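The values are calculated or read from the model by the stated rules, or taken from the named source; none is laboratory data. Every value quoted in this text rests on a predicted model; they were computed, and no experiment measured them. Cβ placement follows ideal geometry from the backbone for every residue including glycine, while neighbour counts extend to all protein chains displayed.
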Amino acid sequence: MAREILDRVGDKWSVEVLYRLGHGVRRFSELRRDVDGISQRMLTATLRGLERDGIVRRTVHPVVPPRVDYELTPLGETLRDVITAMVEWAGDHTADIDAARAAYDRALTGDDG
């Protein structure tokens, strides 16, 4: 069961969505715009999975046109610091990872270049 949960919250799209929701309530259209590269279908599937797991709450407002908001549940809030730390770590170490990849690739090809 733990593996299944980690697969849900640790996949690329869930991390991005949870990071955005960690900064407050978002509409579907905001998430779609802010999560670079995600399709409407994938965002819908990601949000449904997180909602099913009790991590995200979906609220439909009875207005025309309908407005749907997403936010972290109390359970989802417990992930906020972990997700934020992961995203910030990735941002802080992008250059280090790029350098390590380049060195690895050079070693594979024998190019000391």
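When the residues of the stretch 78-113 are filtered to those that are within 14 Å of the chain's Cα centre (by Cα), surrounded by 11 or more Cβ atoms within 10 Å (Cβ to Cβ) and not small (Gly, Ala, Ser), the one that is farthest from ILE5 (Cα to Cα) is GLU88.
Within the stretch 1-16, the set of residues being assigned to a loop (DSSP other than H, G, I, E, B) and surrounded by 13 or more Cβ atoms within 10 Å (Cβ to Cβ) comprises just one member, ASP11. Note on the stretch 16-36: residues that are at pLDDT 95 or above and farther than 18 Å from ASP69 by Cβ amount to 0. Anything in the stretch 72-106 that is out of contact with any helix residue (DSSP H, G or I) (no Cβ under 9 Å at 6 or more places or on another chain) and charged (D, E, K, R)? List them, or say none. GLU77, ASP81, GLU88, ASP92, ASP96, ASP98, ARG101, ASP105, ARG106 - these are the residues of the stretch 72-106 that are out of contact with any helix residue (DSSP H, G or I) (no Cβ under 9 Å at 6 or more places or on another chain) and charged (D, E, K, R). The set of residues in the stretch 46-72 that are of a type outside the set (Val, Ile, Thr), more than 12 Å from the chain's Cα centre (by Cα) and surrounded by 13 or more Cβ atoms within 10 Å (Cβ to Cβ) comprises GLY49, GLU51, ASP53, ARG57, ARG58, ARG67, ASP69, TYR70, GLU71, LEU72.
Among the numbered conditions (1) over 15 Å from the mean Cα position of the chain (by Cα); (2) on the phi > 0 side of the Ramachandran plot, the only one that GLY37 does not meet is (1). Residue count for the stretch 38-59 under the criterion of being among the β-branched types (Val, Ile, Thr), in a helix (DSSP H, G or I) and farther than 18 Å from GLU4 by Cα: the result is 1.
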